[in-house]
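The values are calculated or read from the model by the stated rules, or taken from the named source; none is laboratory data. All figures in this text were calculated on a predicted structure; none of them were measured in a lab. Note that we place each Cβ from the backbone using ideal geometry, even for glycine, and neighbour counts take in every protein chain shown. Each accessible area value is taken on the protein alone, full model and side chains, heavy atoms only, with ligands, DNA and RNA left out. Shrake-Rupley method; radii C 1.70, N 1.55, O 1.52, S 1.80 Å.
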Amino acid sequence: AKVEQRKNQIKAFAVAYNNRIAGLVGQQEMILGQIKSQVMKTAEFMKSIYPNSAYEFPKDLFVKMPEPSKHPEFGVDIRGGGGNAIFEDLPKKIGLLKTMLKKQKSKVDKSINQYIATEKKSIQKNKRIWEKIKDNCNAREKDLALASAEMNKGMQKSQEEMGIFCRKYDRLRKNPAAGCGDKFSAEDLFEDALKVASRINPEAIEVIGAYADYCAQSQNEAEKGSEDEDSNDKENIISKLCVDKNNEADKVNAQIAKTMTQYIPTDLEDKISEEKIKNWIESGDPDDITKDLKKIESKLHLTSFGRAILESAELNNQKSTRLTIEDLKKVMAKRLLDINDTTDTEKDIFQKRFNSLLDEIKGQDSFCSSNEREALAKAIELSAKGDDLKNNFKDELEKQDEPEYYKKASRSLASLQGESAMDRLSELGELGASVACVAQAEKPRSFLDELGEFDADILGEEAMENFDR
């Protein structure tokens, strides 16, 4: 009976022991949780303040409930087997948290040291910049003093130069035709304007520049040659264009249209375009063009501009008697039929020579190659075999005079350019009369205007770029 009673007492003791151990583990877990929470707040706080101070949270950070096992002396199941290990678990977990904080502290110390080194370097750099600013300010103060003295000295000279300029400019405005003369010329006046550019009307400089350009252009045209040479040049405009554009009529027409856009009457600029001029010229029908011109302005077809369009269109007039490539082929076919005392072989050679010369004619049916086509037609009539055709073609081409419609179109374009020069001189006179010599006084610069330029001007661009604010 006493043995059973003893066993029951041991079992009751084991139950009570296990319950107390469970309570102890729960209390340790609660304490560990409080400590862990506080440590986490501290670690997160340091992480938010100091860069590169992240931490690594320990694994298995909880108090483990010990499993029941047989007690070697009493023979009952008790948690942890009755050993002391259960009391050592909480200190170990707390030790892990302490180790974590120590590692984080090392990172924080490193971050602080790096920050101190960076700030020290930045302070030294800014110190050098401010020292340089001080030197710049001192140098600028001296420069301003010297500049002020020079300005006062030069103001009187500038005033005298401006007076001379304005007197010359007023004379030019009153007599624009004299602007290209030796005295008070636009070119000399332009050089005078540059000396006082800051104190005169900017528009006056533009007027003088326009005069100078006009005079230079007029001088270049005057130096091209004698009156006879000028007359020839006026009749050779189309011939030169044909050579320049490789006898391609489309390109010649385009260049004529582009040139004529410079001379469109001012009040018709919104009604006439380069494209419209090119279409008129290429149509080659003077009657239709005249109707179109009358719709735009009844008198336009009588002006130099209208005549230039009509004469240029005549170059492309397909109703004329000019030979075409097809006409030449017909002339050649007829000539081969008329030659009775020539063998078929010789006729084949004749045909090949003809085809070769056709290929050499640039522009084919272009008005630019009309002389070549006329010369080839006459050479065919004069030749009895292929060997004669090339030489006869060369001889006939040398006999060809420049077509009259070439000369008429060239003269009308030259006349248009001459009238435009006179119109330009008149425009320059009107422009000069409306532009005064001296510009209106500018609004004085305020202190705020000057202050707005202080940073970049005094501190320097390098300081503005590198200054650590």
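Among helices (runs of 4 or more DSSP H) entirely within the range 366-436, having at least 2 residues that are open to solvent by 50 Å² or more (accessible area, probe 1.4 Å) and modelled with pLDDT under 80 singles out 404-434.
All of Gln255, Gln262 fail the test of being open to solvent by 50 Å² or more (accessible area, probe 1.4 Å), of a type outside the set (D, E, K, R) and modelled with pLDDT under 85, apart from Gln262. Of the residues that make up the range 61-70, is at least one in contact with a helix residue (DSSP H, G or I) (Cβ under 9 Å, 6 or more places away or on another chain), open to solvent by less than 40 Å² (accessible area, probe 1.4 Å) and assigned to a helix (DSSP H, G or I)? No; the residues of the range 61-70 include none that is in contact with a helix residue (DSSP H, G or I) (Cβ under 9 Å, 6 or more places away or on another chain), open to solvent by less than 40 Å² (accessible area, probe 1.4 Å) and assigned to a helix (DSSP H, G or I). When Phe57 is tested against (1) more than 20 Å from Val39 (Cβ to Cβ); (2) surrounded by fewer than 15 Cβ atoms within 10 Å (Cβ to Cβ); (3) at pLDDT below 80, only condition (1) is not met.
For the condition open to solvent by 90 Å² or more (accessible area, probe 1.4 Å), under 60 Å from the mean Cα position of the chain (by Cα) and of a type in the set (Lys, Arg), Lys47 qualifies. Taking the stated definitions as given, is Glu346 farther than 15 Å from Lys329 by Cα and open to solvent by less than 60 Å² (accessible area, probe 1.4 Å)? So Glu346 does not fit the description; no. Looking across Ser283, Ser304, Ser312, one residue alone is farther than 27 Å from Glu372 by Cβ and modelled with pLDDT of 75 or more. It is Ser304. In the range 21-57, the residue that is nearest to Ser106 (Cα to Cα) out of those that are aliphatic (A, V, I, L, M) and without any contact (Cβ under 8 Å) to a residue 60 or more places away in the chain is Ala54. Among the criteria (1) of a type in the set (D, E, K, R); (2) within 30 Å of Asp387 (Cβ to Cβ); (3) touching a Lys or Arg at 6+ places or on another chain (Cβ under 9 Å), the one Glu314 does not fulfil is (2).
Of the candidates Ala54, Ala16, the single residue that is over 14 Å from Asp89 (Cα atoms), touching a helix residue (DSSP H, G or I) at 6+ places or on another chain (Cβ under 7 Å) and either part of a helix (DSSP H, G or I) or not aromatic (Phe, Trp, Tyr) (or both) is Ala54.
When Gly363 is tested against (1) outside any loop (DSSP other than H, G, I, E, B); (2) surrounded by 18 or more Cβ atoms within 10 Å (Cβ to Cβ), only condition (1) is not met.
When you scan the range 167-181, do you find a residue that is over 27 Å from Cys437 (Cα atoms), at pLDDT 70 or above and open to solvent by 80 Å² or more (accessible area, probe 1.4 Å), even just one? No, because not a single residue in the range 167-181 is over 27 Å from Cys437 (Cα atoms), at pLDDT 70 or above and open to solvent by 80 Å² or more (accessible area, probe 1.4 Å). Being closer than 27 Å to Pro51 by Cα and either part of a helix (DSSP H, G or I) or open to solvent by 100 Å² or more (accessible area, probe 1.4 Å) (or both) is a property that holds for Ile116.
Among the candidates Ile289, Ile281, Ile296, which residue alone is closer than 15 Å to Lys408 by Cα, more than 32 Å from the chain's Cα centre (by Cα) and either open to solvent by 50 Å² or more (accessible area, probe 1.4 Å) or among the β-branched types (Val, Ile, Thr) (or both)?
None of the others qualify; the one that does is Ile281.
Select, from Cys215, Cys242, the only residue that is within 27 Å of Ser283 (Cα to Cα) and either in contact with a helix residue (DSSP H, G or I) (Cβ under 8 Å, 6 or more places away or on another chain) or modelled with pLDDT under 75 (or both). Within the list Cys215, Cys242, the selection yields Cys242.
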